Amino acid sequence: MDIRKITKRDKTEVVNLPKCKALIYYMSEDISFPELLSSFKAGYKKAKLFFNYDLKKEIDITLVYSRKELEEILARKTQAWEIGFTSNKTGNIIIFSPSVVEENSNHKKDDIFKTIQHELVHAFQVEVVKGFTPWWLDEGIALITAQQVKTKGRECLKSLIGSAKFFDYTTDNYRFCTSNGGYPAAYFLVENLIKDFGKGKIRSLFENSCTSKNFDLFFKEKFSVSPEDYAKKLVK
Ligand SMILES: [Zn+2]
């Protein structure tokens, strides 16, 4: 399906990045667009700095103007907190226009400016990652890079480790965790990993990762501790 055909987005902003282009589709009467664009550009710099990498494949960013339209594009129901999405195959982004985010979600308008940076980090991850990385690593890096500071991470991590679903990488567990404090928990865990081991080592988890079965083993070879034991020590 060509998502551009669903609504009357009549403008395309071509953003020239160092090694490729980003195409942003939006409505010409959308007065909130310039602020979103500058946030996108600032976000690109942040993601580039973290991954020490420039995107090579062109990405599309499509602004949406209602939740109905969003759900038609995604072909699924969404929750009120969901305002931005990145395809884990193409790195293409779908996100609410800042002009309509408050009437279509439980977020404040300003949240969308960090969300576009968060989604852009996911687009980098699509290109950089060589195998499997767990959701908590992907989300932790995206939250930290976009400076979406989360509180209560320790408590959330503690309760999710208790439910034994955090380090068992199935789609159902991912859904359970992200609806039950998974984002603050991921933020807290990755923030501490970066503090203890440095950005370079965390980045190389993306560059050299393998399969969901042996990710924890791969992690343990690198850090001499399994992610679960590391997390347990953190929340003690
Ligand atoms: Zn995310």
Could you tell me the calculated FRET efficiency between residue 38 and residue 10, based on Cβ-Cβ distance and R0 = 25 angstrom, to the nearest 0.05?
0.75
Test of understanding: what is the full-extension gain from residue 216 to residue 54, defined as 0.36 nm times their sequence separation minus their Cα-Cα distance?
55.5 nm
Long-range amide H partners of residue 96, meaning residues 5 or more apart or on another chain whose placed amide H is closer than 5 Å, are 64
Provide the net charge surrounding residue 161, with neighbours chosen by a C-beta distance below 12 Å and charges set as Lys +1, Arg +1, Asp -1, Glu -1.
+2
Could you work out the mean projected area of the convex hull around the alpha carbons of the stretch 62-174, in square nanometres to one decimal?
7.5 nm²
What is the P(r) of the chain, as percent of Cα-Cα pairs per 5 Å bin from 0?
1, 6, 14, 18, 19, 16, 12, 8, 4, 1, 0
Footprinting proxy, 31, 59, 73: sorted fewest to most Cβ within 10 Å, the residues are 31, 73, 59
Return the sequence-ordered ³J(HN,Hα) values of the stretch 199-213 in whole Hz as given by the Karplus equation 6.51 cos²θ - 1.76 cosθ + 1.60 applied to θ = phi - 60°, using x for Gly and Pro.
4, x, 5, 5, 4, 5, 4, 6, 6, 10, 5, 10, 10, 5, 5
Roughly what percent of Cα-Cα pairs across the stretch 146-216 reach past 15 Å?
60 percent
Can you give the direction-averaged projected area of the convex hull of the alpha-carbon atoms in the stretch 3-128, in nm²?
7.0 nm²
PRE reach from residue 207 (point 7 Å along Cα→Cβ): which of the stretch 51-82 fall under 15 Å by backbone N?
51-55
How large is the dipole of the stretch 153-236 about the Cα centre if only Lys and Arg carry +1 and Asp and Glu carry -1, each at its Cβ, rounded to the nearest 20 debye?
200 debye
Mark the label point 7 Å from the Cα of residue 27 along Cα→Cβ and return the residues of the stretch 50-86 whose backbone N is within less than 16 Å of it.
62-73
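Each value in this text was obtained by applying a stated rule to the coordinates, not by laboratory testing. Quick caveat: nothing in here was measured; it's all calculated off a predicted structure. Please note: Cβ atoms are built from the backbone with ideal geometry, for glycine as well, and neighbour counts cover all protein chains shown.
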